[in-house]
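Have a look at the structure below, then the notes.
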Amino acid sequence: MTVNVADKDKMVVVEGSYAVAHAAKVCRPNVISAYPITPQTHIVEDLSQFIADGEIPNCEYINVESEFSAISALVGSSAVGARSYSATTSQGLLLMHEVLFNASGMRLPIIMTVANRAVGAPINIWNDHQDSISQRDTGWLQLHAEDPQESADMLPQIFKVAEDKDVLLPGMACMDGFILSHVYEPVVLLEQDLTDEFLPAYDPEYVLDPANPMSFGAFAAPDTYEEFRFMQEKAMQAALPKIEAAAKEFGEIYGRFHGGLIDEYLTDDAEVIVMSMGSILGTVKDVVDEYRARGEKIGVLKVRSFRPFPKEQIRKAIKDAAAVVVLDKNISIGLNEGALFTETKSCMYNSRCDIPIIGYTIGHGGRDVPRESVAKIIEEAKKVASSGITVESQFLDVKEELL
Amino acid sequence: MKEIRIHGRGGQGSVTAAELLSAAAFEDGKFSQAFPAFGVERRGAPVQAFTRISDIPIRLRSQIYKPDYVIVQDATLLETVDVASGIKDDGIIIINTKETPEDLKIGTKAKVMTVDATEVAMEIIGRPIVNTVLLGAFAGATGEVDVDSIKNAIKERFSGKVGEKNAEAIQKAYDLIREEKA
């Protein structure tokens, strides 16, 4: 539960995109650059309005002609020490792909909201996670939010982790397109004073400065390149405890906690654990409550951090279950598995624990996942718990008549 | 939890109505959620928007298949859209039309109520904008939200005379449907 009922007096009913734009504003960015693309558009429209109204001091909004230019502009601005923010989705994120590696390799803590959307062809504007999952190996932190409140609260947290001197990596704060970006519901808009307390000004150790010339990401021959890659991985590992710490400190200051690297819901005694990321978790928790009311021990593991991948935390959370089912809104075509499923299996393989894990790829291109489908998945996982795996990974609800 | 589906045509403000309804329910002390049927926003095309109202925070993010209430902004939709789809047997369908529920012959066990929101809108607002008017009828028919909360939500969104006129029309539709109910 990421909504704190005690916050009710502070809540306002706004669109998820507005809550996120407002959160970006109170993080006091110095440069914003973005190119509009559905369903991210409302976020950048709201930010443009804030800029036009003079509500973001000491900030420049750079209009560009593409996402490639947007992220390139931010590589420059971040290198001179400006706190830099963007938002994008789908084909826009894919167009940034090359520069994402540069931003990470240059160790620039740019933060970007991704309003997750399917990728074409065929053209599809609706939600799944194929866009950000496809950026898995670019060296960006990648966190996934469950609801609009968490999508907003995630921004100061991820800025703080990314700008930490032991980390210095860019980060994506992912929220499900439309499902979270276009929903109106009560949220607490982040307070400026609390955010100033939580997130100090960005104080980079190294900046591009004509008075003190230095190069970023210029060239590395075989005798040094490997060490740059090693340092990137080391920074990712350093981010693991920082993500936990930032979530905890956020909770102390703002009174809301959405989980650190993971968040466990009724997992302690669970025989079947359902794992996933993003907005589907709310629906899953509602279904699990129905099972619990009937005395069935089902639990939910929310994975908040996809990169860095919290192997230890996941192992610990699921090791005592009789079966685990992983729901992925993405697929690695050719492996017939979603990424969270593959990586969860991978992190269990060399542990001494041998529990059956199955996967479903769900919600492709915005296909709705109703409660009944979640219940069907849980029933399958129960069978696996008692009699083993028959199908390891599958699509949830393919319409045979359309094939 | 109560689930509401609003049928309209692109440009009639179905999404705005769903949002205002969620704001009003929140003002009443409930939790609420409003969302459109994503990606079909073409002027004149049949569109849907949804609201959930609950005493506890709402985690459910799937679409609404079995609504408690349905609001139909444009009776011409009855020819092409099954507005009663999935509605609960004890639910209520509120339709903007001059006709009576009996005339419409909608195949449903749910209660059908009609209100001439277009006439109310023309008389008070001077334009055939019915989305807010129907929220007044919704408050009167269902009792799920306070009509004053609806009016406050409108006035917050549309300041000055526009908000005032809408509030007046909302009250009128509320009164009309209360009479029909009684």
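Observations on the model:
- The per residue volume of the convex hull around the alpha-carbon atoms of the range B:75-168 is 102 Å³.
- Residue among A:Y225, A:Y360, A:Y254 with the largest mean-square fluctuation in a Gaussian network model of chain A, springs linking Cα atoms under 10 Å: A:Y225
- Base-10 log of normalised Debye intensity for the range A:57-160 (one unit scatterer per alpha-carbon) at q = 0.11, 0.14, 0.16 Å⁻¹: -0.33, -0.54, -0.72
- P(r) of the range B:1-89 over all Cα-Cα pairs, binned every 5 Å from zero, in whole percent: 3, 15, 26, 25, 18, 9, 4, 0
- Radius of gyration and maximum dimension Dmax of the range A:1-74, Cα, Å: 14.1, 44
- Size of charge dipole - chain A - debye, nearest 20, with Cβ of Lys, Arg +1 and Asp, Glu -1, no other charges: 760 debye
- Here r is the Cβ-Cβ distance between A:V64 and B:E180 and R0 is 60 Å; the resulting FRET efficiency, rounded to 0.05, is 0.60.
- In summary, the helical segments of chain B meeting the span-like criteria, namely a full DSSP H run, a Cα extent along the axis of 15 angstrom or more and a mean Kyte-Doolittle hydropathy of at least 0.0, are B:14-27, B:131-142.
- Close amide H contacts of B:M113 (hydrogens built in the peptide plane, cut-off under 5 Å, sequence separation of 5 or more or a different chain): B:I93, B:I94, B:I95.
- Residues of the range A:198-223 with amide N under 18 Å of a point placed 7 Å along Cα→Cβ from A:K10: A:198-200
- The range A:337-402 and the range B:44-60 have Cα centres lying 28 Å from one another.
- Of interest is the spacing of the C-alpha centroids, which for the range A:60-127 and the range A:217-237 amounts to 22 Å.
- Quotient of C-alpha Rg and 2.2 N^0.38 Å, computed over chain A: 0.97
- Hits among lysines - C-alpha to C-alpha of B:K151 under 23 Å, sequence gap 8 or more where chains match: A:K8, A:K10, B:K2, B:K30, B:K161, B:K165, B:K172, B:K181
- Taking every DSSP helix (H) stretch of at least 4 residues in chain A, weighting each as -39,500 (n - 2.57) and dividing the sum by the residue count yields a mean residue ellipticity at 222 nm of -12000 deg cm²/dmol.
- Volume per residue for the range A:114-168 equals 79 cubic angstrom (convex hull of Cα atoms).
- Ranked packing of B:147-155, B:93-101, A:208-216, most packed first, by mean Cβ within 10 Å: B:147-155, B:93-101, A:208-216
- Take every DSSP beta bridge whose two residues both sit in the protein assembly as shown; close to 35 percent of them are antiparallel.
- Of the DSSP H helices in chain A, those whose Cα atoms cover at least 27 Å axially and whose Kyte score averages -0.5 or more: A:225-254
- Three-way shape call for the range A:194-286 based on the alpha-carbon gyration tensor, with the a/c threshold at 1.5: oblate
- Cα gyration tensor shape for the range A:104-249, rounded if a/c is under 1.5, else prolate or oblate: oblate
- Overall form of the range B:1-149 per C-alpha gyration tensor (a/c, 1.5; a/b vs b/c): rounded
- For the range A:229-280, convex hull volume per residue from C-alpha positions, Å³: 134 Å³
- Pairs of lysines in the range A:167-318 whose Cα atoms sit within less than 20 Å of one another amount to 13, provided the residues are eight or more positions apart or on different chains.
- Estimated purely from DSSP H runs of n ≥ 4, each contributing -39500 (n - 2.57), the mean residue ellipticity at 222 nm for chain B is -12000 deg cm²/dmol once divided by its residues.
No lab work stands behind these numbers, since they all come straight from the coordinates. Given the structure is predicted, the values throughout are model-derived calculations rather than measurements. Quick reminder, even Gly has a Cβ in these numbers, built from the backbone with ideal geometry, and neighbours come from all protein chains shown.
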